[in-house]
Amino acid sequence: MKNSRNNELADRRGAAAEAKAALLNAYRSAKEVAEPTRLAKQAERQAIAVAREERRAERERVKLEEQARAQAAEAERQAAAEAAARADVDAREAADKDRIARVIADEAARKAARDLRYANRKARKS
């Protein structure tokens, strides 16, 4: 549609400036109207971020507790294995000592029997 009035450069520039001013005013008024909504959304996003951070911290705490429990269980298992190994070594040492004591006792008994035979033989010769 043609504009019936004579569009001079100054008229066109004025119209463009008025249009820009109208757009700027519309933007400002829309921004003012949307301000409470923007603030509400911003507060909601902050609450979500805080809740997310709390959940992350809770997951981290649970993870650390689980690691501590696992380490305690591993230490307990290792201590039990060491105690079993120590008990096994002690039992072997006790068995060795018992065997040595029996060998010594048998040797003493054989020596006593040999000495007795020797004494009997001496007694028969005399």
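The values are calculated or read from the model by the stated rules, or taken from the named source; none is laboratory data. All values derive from a computational prediction rather than experimental measurement. Note that we place each Cβ from the backbone using ideal geometry, even for glycine, and neighbour counts take in every protein chain shown. Remember, those area values only see protein heavy atoms, side chains included, never the ligands or the DNA or RNA. Shrake-Rupley method; radii C 1.70, N 1.55, O 1.52, S 1.80 Å.
Observations, loosely collected:
- Cβ-defined net charge surrounding Glu53, 13 Å radius [Lys, Arg +1; Asp, Glu -1]: +3
- Check: the chain dipole with +1 on Lys, Arg Cβ and -1 on Asp, Glu Cβ, in debye: 960
- Calculated accessible area for the stretch 8-126 comes out at 89 Å² per residue, all protein chains present (probe 1.4 Å; ligands, DNA, RNA ignored).
- Farthest positive-ward along the chain dipole, Cα basis, beta-carbon charges - from Asn120, Leu9, Ala57: Asn120
- 0 to 90° range, to nearest 10: angle between helix 9-125 axis and the chain longest Cα axis: 0
- Carbon/sulfur fraction of accessible area - the chain, other protein chains in place, 1.4 Å, %: 57
- Charge-dipole axis of the chain as Lys and Arg at +1 and Asp and Glu at -1 on Cβ define it, positive-most pick from Ala94, Ala40, Ala72: Ala94
- Reach of Lys20 by Cα under 28 Å, taken over lysines that are not fewer than 8 positions away in the same chain: Lys2, Lys31
- Option label - semi-axes √(5λ) of the Cα gyration tensor in Å computed here, alternatives (i) 20, 17, 14; (ii) 114, 15, 6; (iii) 30, 19, 10: (ii)
- Over all other residues within a Cβ to Cβ distance under 11 Å of Ala81, the charged ones net out to -2, with Lys and Arg as +1 and Asp and Glu as -1.
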